[in-house]
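Chemist: Below is one structure. I have some questions about it.
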Amino acid sequence: HSTAVPVKPEPNGHKVADIGAGPSGLTCAGDLAKMVKTFNFEALHLAGGVLVYGIPEFRLPKSIVQKEVDGLKALGVKVITNTVVGKTISVDELFEDEGFEAVFIGSGAGLPRFMGIPGENFKGVYSANEFLTRVNLMKAYKEDSDTPIKKNKSVAVVGGGNVAMDAARCAKRLGAENVYIVYRRSEAEMPAR
């Protein structure tokens, strides 16, 4: 609930590249911006990482994340979206061509790990990463979405943690009548109950 305006530091000629605009990248940018010119590179079109594409609006309002990003910009952080470091520009180029003195890599949770079971590649089977990204970031629930999501009356979610619960609640909000949580242990041992 802070209303204090951040104090932008005086430039000292140093600059640092901060790769990834998720929780670690934004935290790093906030600390670095108090000392050096900081550039934050994000692969997606919106800063926030899992805070924006993974955690649903009903659990973490996007306005809160945007306020944090805006605060970083007020500190002087230059946020550069749609830039995949390693593809669009290399780390070597950041050092050699762009003059960065240091690079922080906060590349995120990474790719999902599948179970290697029959049917996991069928249409309508999503990793939690893909499902939540489509719902939260790409607005796949809208009729005119470029990345529509298959809606079903019955949905099974494999897992019992916070991500599984986010996926289950999103499926329910998308109209699923029955959402089944499939977990390898008892309900009492499930991380998110």
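Chemist: What number results when the radius of gyration of the stretch 63-117, computed over Cα atoms, is divided by 2.2 N^0.38 Å?
Modeler: 1.54
Chemist: Could you give me D for the stretch 1-101, from Stokes-Einstein at 25 °C and 0.890 mPa s, where the hydrodynamic radius is the Kirkwood radius over C-alpha pairs? Units µm² s⁻¹, please.
Modeler: Value of D from the Cα-based Kirkwood radius: 174 µm²/s.
Chemist: If I take every Cα pair under 8 Å that is 6 or more residues apart in the chain, average their sequence separation and divide by the length, what percent do I get for the relative contact order?
Modeler: 20 percent
Chemist: Could I ask something else about it? Using modelled backbone amide H atoms (1.01 Å from N, in-plane), which distant-in-sequence or interchain residues come within less than 5 Å of V179's amide H?
Modeler: Sorted by chain and number, the residues that satisfy this are V155.
Chemist: Taking amide H positions as placed 1.01 Å from N in the peptide plane, with prolines and chain starts having none, which residues 5 or more places from I80, or on another chain, fall under 5 Å of its amide H?
Modeler: Here the answer is N40, F41, E42, since their amide H atoms fall under 5 Å of that of I80.
Chemist: Also, quick follow-up: From the phi angles alone, apply the Karplus equation (6.51, -1.76, 1.60; θ = phi - 60°) to the stretch 89-104 and give each ³J(HN,Hα) in whole Hz, x where the residue is Gly or Pro.
Modeler: Once θ is set to phi - 60°, the couplings for the stretch 89-104 become 8, 8, 4, 4, 5, 4, 6, 6, 8, 9, x, 6, 8, 8, 9, 9 Hz.
Chemist: To the nearest 10 degrees, how steep is helix 162-173 against the longest Cα principal axis of the chain, on a 0 to 90 scale?
Modeler: With both axes taken from Cα atoms, the answer is about 60 degrees.
Chemist: Can you compute 3J(HN,Hα) from phi for each residue in the stretch 51-60, using the Karplus curve 6.51 cos²θ - 1.76 cosθ + 1.60 with θ = phi - 60°, rounded to whole Hz and x for Gly and Pro?
Modeler: Result, rounded to whole Hz: 5, 9, 8, x, 8, x, 3, 5, 9, 9.
Chemist: State the three equivalent ellipsoid semi-axes of the chain, derived from the C-alpha gyration tensor as the square roots of 5 times its eigenvalues, in descending order and whole Å.
Modeler: In descending order the semi-axes read 36, 19, 15 Å.
Chemist: Here is a further query. Could you tell me which chymotrypsin sites (Phe, Trp or Tyr not before Pro) in the stretch 1-66 are loop residues by DSSP with no more than 14 other beta carbons within 10 angstrom of their beta carbon?
Modeler: Of the chymotrypsin sites (Phe, Trp or Tyr not before Pro), the ones in loops of the stretch 1-66 whose Cβ has at most 14 other Cβ atoms within 10 Å are F58.
Chemist: Hey, got the dipole for the chain? About the Cα centre, +1 on K and R Cβ, -1 on D and E Cβ, debye to the nearest 20?
Modeler: 940 debye
No lab work stands behind these numbers, since they all come straight from the coordinates. If you're wondering where the values come from, they're calculated on a predicted model, not measured in any experiment. Positions of Cβ are backbone-derived with ideal geometry, glycine not excepted, and every protein chain shown enters the neighbour counts.
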